[in-house]
Each structure stands twice: as structure tokens, then as C-alpha cells.
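K.L.:
Before I ask anything, let me first share the structure, which is written out below as C-alpha cells.
The values are calculated or read from the model by the stated rules, or taken from the named source; none is laboratory data. Computed from a predicted model, the values in this text were never measured in an experiment. Please note: Cβ atoms are built from the backbone with ideal geometry, for glycine as well, and neighbour counts cover all protein chains shown. Just the protein is used for accessible areas: all its heavy atoms, side chains included, with ligands, DNA and RNA removed. Shrake-Rupley method; radii C 1.70, N 1.55, O 1.52, S 1.80 Å.
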Amino acid sequence: MSGIKDLDILLSNMEPVLDKRDFVFCSFPTFDWDKMRELNPVGFFQEKEGMTFILDLKDAIGKDIDC
């Protein structure tokens, strides 16, 4: 089975759902993967300043993370 490549078809068939949670971007200049895994990030990316995690605001507050 091949994927749909026609952008008009892809966009017309989208059914996005808004995630009602609030998110924060938190940057960590140094990090330990074992500790960071406990944060359950929605996403993350590497920058020259360090690793940035996208976290649920309630999780960040609950783990006392200053973002």
C-alpha cells in the first residue's frame, strides 16, 4: 500500500483534535537521560544551548521544573 501524496487530498481529509493541556518548553544545558525519561516529554530537540523538552505544564509544576 502506498501513501497519499496529493496535498489537497491530505489536507481535505484531516480531522485535527485540539489537545486541551497546556505545554511549556524547558531547556536543560546538561541532562541525564535516566532522569529526563521520567519527564515523559511530548517532544524534544537538541539545541546548541542544550536539550529542550516540551512538557505538560502540570507535569513540569509537579516535578518542580523551572521553565
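K.L.:
Suppose only helical runs count, i.e. DSSP H with n ≥ 4. What mean residue ellipticity at 222 nm does that imply for the chain under -39500 (n - 2.57) per run, divided by all residues and rounded to the nearest 500 deg cm²/dmol? Display every interim value, and only then the final one.
P.N.:
Details: 3 runs with 17 residues, N = 67.
My calculation for the chain gives -5500 deg cm²/dmol from helical runs alone.
K.L.:
Sticking with this one: Send over a whole-number figure in Å² for the accessible area per residue of the chain, probe 1.4 Å. The partial results should precede the final answer.
P.N.:
Values: 5910 Å² over 67 residues.
It amounts to 88 Å² per residue over the chain.
K.L.:
Further, regarding this structure: Leaving ligands, DNA and RNA out of it, work out the accessible area of F25 with a 1.4 Å probe and give it in Å² to the nearest 10.
P.N.:
130 Å²
K.L.:
Report the GluC sites (Glu not before Pro) located in region 21-67 that are in a DSSP loop and have at most 11 other Cβ atoms inside 10 Å of their Cβ, or state none.
P.N.:
Those satisfying the criteria are E38, E49.
K.L.:
What does the charge add up to near F31, with Lys and Arg as +1, Asp and Glu as -1, over the other residues with Cβ less than 13 Å from its Cβ?
P.N.:
The answer is -3.
K.L.:
Here's a follow-up. Which label marks the calculated value of Rg and Dmax of the Cα atoms in Å, given the options (i) 16.1, 55; (ii) 16.7, 47; (iii) 10.5, 30?
P.N.:
Step by step, Rg and Dmax of the Cα atoms in Å for this structure corresponds to label (ii).
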